[in-house]
Every structure is written in C-alpha cells, then in structure tokens.
1. Looking at 232, 190, which one is touching a helix residue (DSSP H, G or I) at 6+ places or on another chain (Cβ under 8 Å) and either outside any loop (DSSP other than H, G, I, E, B) or at pLDDT 95 or above (or both)?
2. Any chance the stretch 36-54 includes a residue that's within 16 Å of residue 112 (Cβ to Cβ), of a type in the set (Asp, Glu) and touching a Phe, Trp or Tyr at 6+ places or on another chain (Cβ under 8 Å)?
3. Check whether at least one residue in the stretch 7-22 is of a type outside the set (Lys, Arg), under 22 Å from residue 117 (Cα atoms), over 17 Å from the mean Cα position of the chain (by Cα) and surrounded by fewer than 21 Cβ atoms within 10 Å (Cβ to Cβ), and report yes or no.
4. Hey, among the residues in the stretch 62-109 that are among the small types (Gly, Ala, Ser) and more than 20 Å from the chain's Cα centre (by Cα), which one's surrounded by the fewest Cβ atoms within 10 Å (Cβ to Cβ)?
5. Scan 129, 104 and give me the residue that is modelled with pLDDT of 80 or more, closer than 15 Å to residue 36 by Cα, in a loop (DSSP other than H, G, I, E, B) and among the acidic types (Asp, Glu).
6. Would you pick out the residues in the stretch 1-15 that are of a type in the set (Ser, Thr, Tyr) and either assigned to a strand (DSSP E or B) or farther than 27 Å from residue 194 by Cα (or both)?
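The values are calculated or read from the model by the stated rules, or taken from the named source; none is laboratory data. All of these numbers come straight from a predicted model, not from anything done at the bench. Virtual Cβ from ideal backbone geometry, glycine too; neighbours counted across all protein chains shown.
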Amino acid sequence: MSIAVGAKTDVGLKRPHNEDDLCVDPEVGLYVVCDGLGGRNAGEVASRLAVEVIQKHVREAWRDANLPMVGAYDRQFSPLTNRLGSAIRLANQAIRDAAKNRPDQEGMGTTVVSGMLNGQVLSVAHVGDSRMYLIRGDTIEPLTADHSLVAEQVRLGLLTEEEAERSLQQSIITRALGIDDAVDVELDEVPLAQGDALLLCSDGLTRGVKPAAILDVVRRERDPQAAAECLVKLANAAGGLDNTTVILVSVRHGAGETPMRQVWKWLTS
C-alpha cells in the first residue's frame, strides 16, 4: 500500500510555549505524538526525549533484530508491536534518568500515542490521554482508551460522556511516562484496508473538536497536510486552550513494497 501523511503542531492561543512533540518516520512506518504534562517541570523536555528515544530504539531494531527488548514480551502480539512497547518503556527510563540530577526537570512527564505500519497491520501503543482514531468510510472509531480519571469514571458508570466533558478533573491522567520507574503500556493491533485514515493527536484537539467534526474534515480534505492544518485551526477556533498536535496517515491504493520495507518485514516475522 502507499501512504500519504500530514502533520501539524501548534502552541494554541493560551499556553506560553509548546510542550507537544511528534515523529513522522515513513521509512520504518513509525508515527508518534507526545504531550508533555502541563503544570510539571520541563514537559517539553520529556516529550522531546520520549520521541527521540522511541525513534532511535525502533531504528536500531530495524537494523538489528536481536536488539534486546525492554520489559516483558506479550505473546498475543507480533514482534513489531512488542518492539513499539519496548521503545516506550525505554523512553520512560530515559525520562526518569534525565530528571534524577536536574531539579528543574524533577517530575517531568509526557503522554504518548504511537503507531507502526507493517504491510496492512497497524501496531498501536499508548500511555495517557493522547489518542488514535481509525477513520474508515463515514465512521470514526477510537483505537485507544484514555488513561485518565474521568475516562475511568465513565467506564465504571460513575459519569456519562457528557459529564466527563464538563468535568474539572478531565486533565487528571492515571498513566504517563516519567512518573514511575515502570510504566504499563497498552498495546493493540489493527488490520487496515485501502481508504483508511489514522489520526494521532494530543488532547488539545479532542478537548475542543468533536469526533464528528474531525471526520468531516478528513472526508472533505483529500490532502492529509491540508486536513491536519484545518484540524489545528478548528482547535484554536474552539478556544485554543492547549497545544494541539495531529498526525494524519492516509492509506492509499496498493503499491509494491520498498526493499527496506521487505527487510523490515523479514526481520520481524
């Protein structure tokens, strides 16, 4: 298959600086969005470090299939999905180590949502409340569940979706990189089809823009970059209260795999 990608990050209208970061690496099929924790020291340092470590670990594994995994191997998922989880655990360690001797970085943390494409299978790994959506035809479906207090309350039936959207506690997350020595990374795998689109985003988008409006933009704008820029504009039009980052990956018509892609499939089979 062939892939078209659009990406945009924006500080918004209220924050003094951008604590989001992203990675777009089509050569290895890697896409990452990180959102540094607001209200903590050096959120932008944590998000940048997470992106760098995840990309470096994935690329090293691309060259060396015997590169050790970080953390337990989950046999219900493929080697590629486990590698993505390994990269995120390594990023958690790197953030913890970086903060140990830097008082100005103590307690820094970040969310992460990431995806890797291998043929028509998508590997998903995430921690926190940055999200990934699958857009297929006229539907938009979340591929991740927020690790947040209000999301947990909704799952337990203590809040409705509407109440959660109005809650003053919606910014409280229950998992993030950099907070504890170990992090629980949620993994998944999703089969893809021609015409699908994947949206990775920080909560600066989802706090102000409903899924239906996101779907409308992606269906209307055929160019992923134009759609990404339009989504950021919508977030700012809704108040721009937070940084907003989006990556839109569009799965186009079938195409032959590059030699590098064939090697990656062989290494992870």
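1. Details: 190 fails: touching a helix residue (DSSP H, G or I) at 6+ places or on another chain (Cβ under 8 Å).
Of the residues listed, the single one that is touching a helix residue (DSSP H, G or I) at 6+ places or on another chain (Cβ under 8 Å) and either outside any loop (DSSP other than H, G, I, E, B) or at pLDDT 95 or above (or both) is 232.
2. Checked the stretch 36-54: no residue is within 16 Å of residue 112 (Cβ to Cβ), of a type in the set (Asp, Glu) and touching a Phe, Trp or Tyr at 6+ places or on another chain (Cβ under 8 Å).
3. No, the conditions are met nowhere in the stretch 7-22.
4. Of the stretch 62-109, the ones among the small types (Gly, Ala, Ser) are 65, 71-72, 78, 85-87, 91, 94, 98-99, 107, 109.
If we keep only those that are more than 20 Å from the chain's Cα centre (by Cα) as well, we get 65, 72, 98-99, 107.
Values: 65: 14, 72: 10, 98: 17, 99: 21, 107: 15.
Checking each candidate, the answer is 72.
5. Working: 104 fails: in a loop (DSSP other than H, G, I, E, B).
Exactly one of 129, 104 is modelled with pLDDT of 80 or more, closer than 15 Å to residue 36 by Cα, in a loop (DSSP other than H, G, I, E, B) and among the acidic types (Asp, Glu), namely 129.
6. Step one: filter the stretch 1-15 for residues of a type in the set (Ser, Thr, Tyr), giving 2, 9.
Selection gives 9 alone.
Residue-wise test of (1) surrounded by fewer than 16 Cβ atoms within 10 Å (Cβ to Cβ); (2) more than 29 Å from residue 250 (Cβ to Cβ); (3) at pLDDT below 95.
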site: 114; (1), (2), (3): no, no, no
site: 134; (1), (2), (3): no, no, no
site: 139; (1), (2), (3): yes, no, no
site: 149; (1), (2), (3): no, yes, yes
site: 163; (1), (2), (3): yes, yes, yes
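Matching residues to (1) small (Gly, Ala, Ser); (2) touching a residue at least 60 places away in the same chain (Cβ under 8 Å); (3) not in a helix (DSSP H, G or I):
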position: 33; (1), (2), (3): no, yes, yes
position: 47; (1), (2), (3): yes, yes, no
position: 56; (1), (2), (3): no, no, no
position: 59; (1), (2), (3): no, no, no
position: 74; (1), (2), (3): no, yes, yes
